[in-house]
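Worksheet: one structure, shown below.
The values are calculated or read from the model by the stated rules, or taken from the named source; none is laboratory data. Here the structure is a predicted model, which is why all the values come from computation and not from measurement. When we count neighbours, we look across all protein chains shown, and the Cβ atoms used for this are built from the backbone with ideal geometry, even at glycine.
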Amino acid sequence: MALPNLKSKIVEHYDVVSPYYYKLWGEHLHHGYWIRGDESKEQAQQQLIELLARLAKIPQGATVLDVGCGFGASSLYLCKQFGATSTGITISQVQVEMANAAAGRECADARFCLMDAEAMTFDEPFDVLWSVESISHYHDRERFFASAAKLLKPGGVFAITDWFKQPDLSRSEIRKYIQPIEQGMFVRLEEIGHYEDFLRASGMEILRREELTKHCAKTWDLCLEIIGDKTIWALAVKYGGNFVRYLNAFRAMRAGFSSGAFVYGLLVARKLDQATRVESASLPFRSGHADCPAD
């Protein structure tokens, strides 16, 4: 049986649907975080990245690697709010083009390029790694975290939100709540504790761990309304089984939230000095972008 997170499926999916996502869901390709409950989806999405940036204590002038950058909205926010210089990567060429166009409109110090997060190559380390709802698409998370840690300066932070599953689920719970999400959303869900283990094994300390599930659940109430749009189902007719499974997984996501089997989690970790295993002061910020590979 093919992996649910087969990269060719992910690339095809995002290359096809990204322009439609942008029209229906907005510039942020991720969950919202509701504090009061009456915020718009745009406010809630903004609140999610504001929360992550605040907990990560993003420093002014930081160099940022936005891993799985989507339309680039997180990078543009970090550039505007913190004077950051951001480099974003994605495996969708359509998203690269959309993100670079957005950076041009905003005159932001951000650049986006086509790169597989599981094969990252940069010449200089970053002050911040940022990943919002991307890592659950990857195949070898342990290897990814080890590689990512090498791209952080000592004292640098890794700010993450992602999709997880509760520990100790029964086989029937996994079949009912988790597998439909994985098959439809092109992900493979792990427990949040496994990410913590991978980060520590890569020479990092966990600064913050939070489960945001209750604050993010409303996302899928809104998504169920969105899939009533005829344009989306016209795409399903055109692109076939994978897209139909994706739309059906919207209901699976809502059920996963309601059952408690699905977890929306946040992690912030800091890289320790590898020689002494003690915290190292951040190095001076480097101006300019990391180079993307030549096209």
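Checking each residue in region 168-195 for being part of a loop (DSSP other than H, G, I, E, B) and at pLDDT below 95 picks out only Phe186. Condition check for Gly155 on (1) small (Gly, Ala, Ser); (2) crowded, with 19+ Cβ neighbours inside 10 Å; (3) not in a helix (DSSP H, G or I): one failure, at (2). Within region 23-46, the set of residues being over 18 Å from Glu225 (Cβ atoms) and under 15 Å from the mean Cα position of the chain (by Cα) comprises Glu27, Tyr33, Gln46. Within region 17-34, one or more residues are modelled with pLDDT under 95, out of contact with any Lys or Arg (no Cβ under 6 Å at 6 or more places or on another chain) and of a type in the set (S, T, N, Q). For region 214-273, what are the residues that are touching a Ser or Thr at 6+ places or on another chain (Cβ under 9 Å), over 22 Å from Ala44 (Cβ atoms) and not in a strand (DSSP E or B)? Result: Leu272, Asp273. Checking the conditions here, which among Ala62, Ala84, Ala73, Ala101 is free of Cβ contacts under 8 Å to residues at least 12 places away in the same chain and more than 22 Å from Val263 (Cβ to Cβ)? On inspection, the qualifying residue turns out to be Ala101.
Of everything in region 116-137, what is part of a loop (DSSP other than H, G, I, E, B) and surrounded by fewer than 22 Cβ atoms within 10 Å (Cβ to Cβ)? Give them in sequence order.
Selection gives Asp116, Met120, Thr121, Phe122, Asp123, Glu124, Pro125, Glu133.
For the residues Glu173, Glu205, Glu190, the requirement of being acidic (Asp, Glu), over 30 Å from Thr63 (Cβ atoms) and either surrounded by fewer than 20 Cβ atoms within 10 Å (Cβ to Cβ) or free of Cβ contacts under 8 Å to residues at least 60 places away in the same chain (or both) singles out Glu173. Within region 154-173, the residues that satisfy the criterion of being aliphatic (A, V, I, L, M) and closer than 15 Å to Ala269 by Cβ are Val157, Ala159, Ile160. Being among the charged types (D, E, K, R) and either under 18 Å from the mean Cα position of the chain (by Cα) or within 20 Å of Ile10 (Cα to Cα) (or both) is a condition met by no residue of region 146-161. Taking (1) touching a residue at least 40 places away in the same chain (Cβ under 8 Å); (2) within 16 Å of the chain's Cα centre (by Cα) in turn, Asp123 satisfies each apart from (2).
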